[in-house]
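Enquirer: The structure follows.
The values are calculated or read from the model by the stated rules, or taken from the named source; none is laboratory data. This is a predicted model, so every value here is computed, not measured. Cβ sites come from the backbone with ideal geometry, for glycine too, and all protein chains shown count toward neighbours.
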Ligand SMILES: [Zn+2]
């Protein structure tokens with residue numbers, strides 16, 4: 001985080017160098033006021049093609065792009081790379097925001113709390129050190145490609161160990177960077193075409209030597225927080241109702257290149273993304289509150305409200321408590337802007353108030369020892385789990401987790417009676433769903449046998465879902481007559 005103070009000495013030195021070498025230029029969009037400021041400083045290295053509202057389409061040299069990244073008051077690059085003049089101009093006309101299909105309810109207390117208990121900071125620490133150990137993950141370096149391949153292998157190992165066949169990974173190759181992205185998908189059991197997505201960038205940068213870009217906080221911390229979420233979801237054998245995707249993006253630091261190509265493809269293909277949440281920098285606690293929700297205009301205020309509702313519900317007191325506040329991040333500040341740019345509901349919870357975040361990012365000093373604890377990142381993993389489980393919801397109409405013999409049910413006088421065999425733990429909650437998958441009744445239970453009154457419901461076909469104290473859940477079909 002650096003202030004917009006370009007010294008006159010830097011300016012003169014840079015201008016002479018830039019005019020002399022005539023480096024490659026490219027199209028981008030950026031904040032309109034910043035565009036005017038930089039155009040004044042670098043008149044020969046930058047063109048403003050058009051502007052609308054507070055956004056400008058520009059053609060600029062790589063050198064000016066570096067200056068913008070270094071000086072604009074934003075976390076990320078401060079501009080969004082556009083592959084052509086046409087795309088830059090089109091981007092000025094915003095895509096109308098698509099309605100989210102999620103209902104923003106909080107219903108999965110038992111499972112969420114059990115998942116929060118499993119979050120292990122040591123895994124996050126190990127993972128950050130591992131990513132820092134590449135030395136650099138700058139998008140043109142071979143180490144960046146290796147980090148993505150190793151990330152895929154890490155996920156594949158977890159999936160193999162879980163025995164799951166509904167979880168997959170894929171490499172996403174890009175047009176505008178040699179670095180690939182990698183995506184993990186947990187297929188939705190009920191509505192696989194609706195996606196709840198969480199992601200962060202796995203590349204790194206420095207303003208000096210590109211071979212020395214450890215990127216521990218920016219953004220090994222975010223990737224490590226995501227990996228711990230995936231681990232917990234697989235340990236709990238979580239099968240979502242909607243599909244979940246976890247993404248590690250290439251080349252965020254040069255203008256959100258990886259996420260922009262993926263988000264654009266999803267939008268072009270009409271993919272229904274229910275919500276997108278970005279994790280970029282989770283390691284360094286620089287402010288009084290813990291998690292800072294960014295409230296920039298391109299973010300979804302509805303999704304932001306949901307994240308604060310989740311934290312009010314799950315993190316207000318007890319073992320998993322932490323605090324939150326609000327901040328602003330700036331133009332094109334991280335990959336969530338790519339999703340917002342394509343009309344999707346996006347949010348970005350950040351590590352500190354903007355300006356109080358890790359001062360060492362984008363330098364060789366962005367190493368783990370500077371913050372030296374996974375405790376802050378753990379809070380983000382917890383928020384991420386709350387978001388993924390509540391937004392994607394557990395499967396509803398599904399086959400039994402357990403054997404047919406785990407429970408016996410019978411219906412008499414419009415009352416559902418159940419009894420567990422003695423190899424499973426007690427039932428915590430019984431819910432009944434109608435054939436459309438809508439939950440019509442839910443009762444807390446605390447015995448191995450019990451009953452639930454269904455007199456008010458019509459005759460027909462129903463599904464009972466039993467959630468056990470150990471977090472497992474399974475279903476039984478029955479007919480009410
Ligand atoms: Zn970052």
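Enquirer: Which ones in segment 247-306 are touching a helix residue (DSSP H, G or I) at 6+ places or on another chain (Cβ under 7 Å), assigned to a loop (DSSP other than H, G, I, E, B), farther than 20 Å from residue 88 by Cβ and more than 15 Å from the ligand (Cβ to nearest atom)?
Expert: Those that are touching a helix residue (DSSP H, G or I) at 6+ places or on another chain (Cβ under 7 Å), assigned to a loop (DSSP other than H, G, I, E, B), farther than 20 Å from residue 88 by Cβ and more than 15 Å from the ligand (Cβ to nearest atom): 285, 290, 295, 299.
Enquirer: Let me ask something additional. Could you check, for segment 266-277, whether at least one of its residues is within 30 Å of residue 26 (Cβ to Cβ), under 16 Å from the mean Cα position of the chain (by Cα), touching a residue at least 40 places away in the same chain (Cβ under 8 Å) and crowded, with 24+ Cβ neighbours inside 10 Å?
Expert: yes
Enquirer: Within segment 118-135, work out how many residues are under 10 Å from residue 214 (Cα atoms) and not in a helix (DSSP H, G or I).
Expert: Here the count works out to 3.
Enquirer: Run residue 187 past the list (1) more than 12 Å from the ligand (Cβ to nearest atom); (2) closer than 22 Å to residue 382 by Cα; (3) buried (at least 24 other Cβ atoms within 10 Å of the Cβ) and report the number of the one that doesn't hold.
Expert: The single condition residue 187 does not satisfy is (3).
Enquirer: Sort through 193, 203 and tell me the only one that's on the phi < 0 side of the Ramachandran plot and in contact with a strand residue (DSSP E or B) (Cβ under 7 Å, 6 or more places away or on another chain).
Expert: Numbers: 203 fails: in contact with a strand residue (DSSP E or B) (Cβ under 7 Å, 6 or more places away or on another chain).
From the options 193, 203, the qualifying one is 193.
Enquirer: All but one of (1) touching a residue at least 60 places away in the same chain (Cβ under 8 Å); (2) over 20 Å from residue 200 (Cα atoms); (3) surrounded by 13 or more Cβ atoms within 10 Å (Cβ to Cβ) hold for residue 319, so report the exception by its number.
Expert: (3)
Enquirer: Which numbered condition trips up residue 205, out of (1) within 17 Å of residue 247 (Cα to Cα); (2) buried (at least 22 other Cβ atoms within 10 Å of the Cβ)?
Expert: The one condition residue 205 does not meet is (1).
Enquirer: Quick one: in segment 219-239, which of the residues that are under 16 Å from the mean Cα position of the chain (by Cα) and away from the ligand (no atom under 16 Å from the Cβ) is surrounded by the fewest Cβ atoms within 10 Å (Cβ to Cβ)? Working first, answer last.
Expert: Step one: list which residues in segment 219-239 are under 16 Å from the mean Cα position of the chain (by Cα), which gives 219-233.
Subsequent filtering for residues that are away from the ligand (no atom under 16 Å from the Cβ) retains 227-233.
Values: 227: 24, 228: 26, 229: 26, 230: 24, 231: 21, 232: 24, 233: 26.
Among those residues, the one meeting the criterion is 231.
Enquirer: Moving to a separate point now. Specify which of the listed residues (72, 58) is surrounded by 21 or more Cβ atoms within 10 Å (Cβ to Cβ), over 30 Å from residue 192 (Cα atoms) and either more than 16 Å from the ligand (Cβ to nearest atom) or modelled with pLDDT of 90 or more (or both).
Expert: The match here is 58.
Enquirer: While we're here: Of the conditions (1) within 15 Å of the chain's Cα centre (by Cα); (2) more than 29 Å from residue 103 (Cα to Cα), residue 215 clears all except one; give me its number.
Expert: Just one mismatch for residue 215, condition (1).
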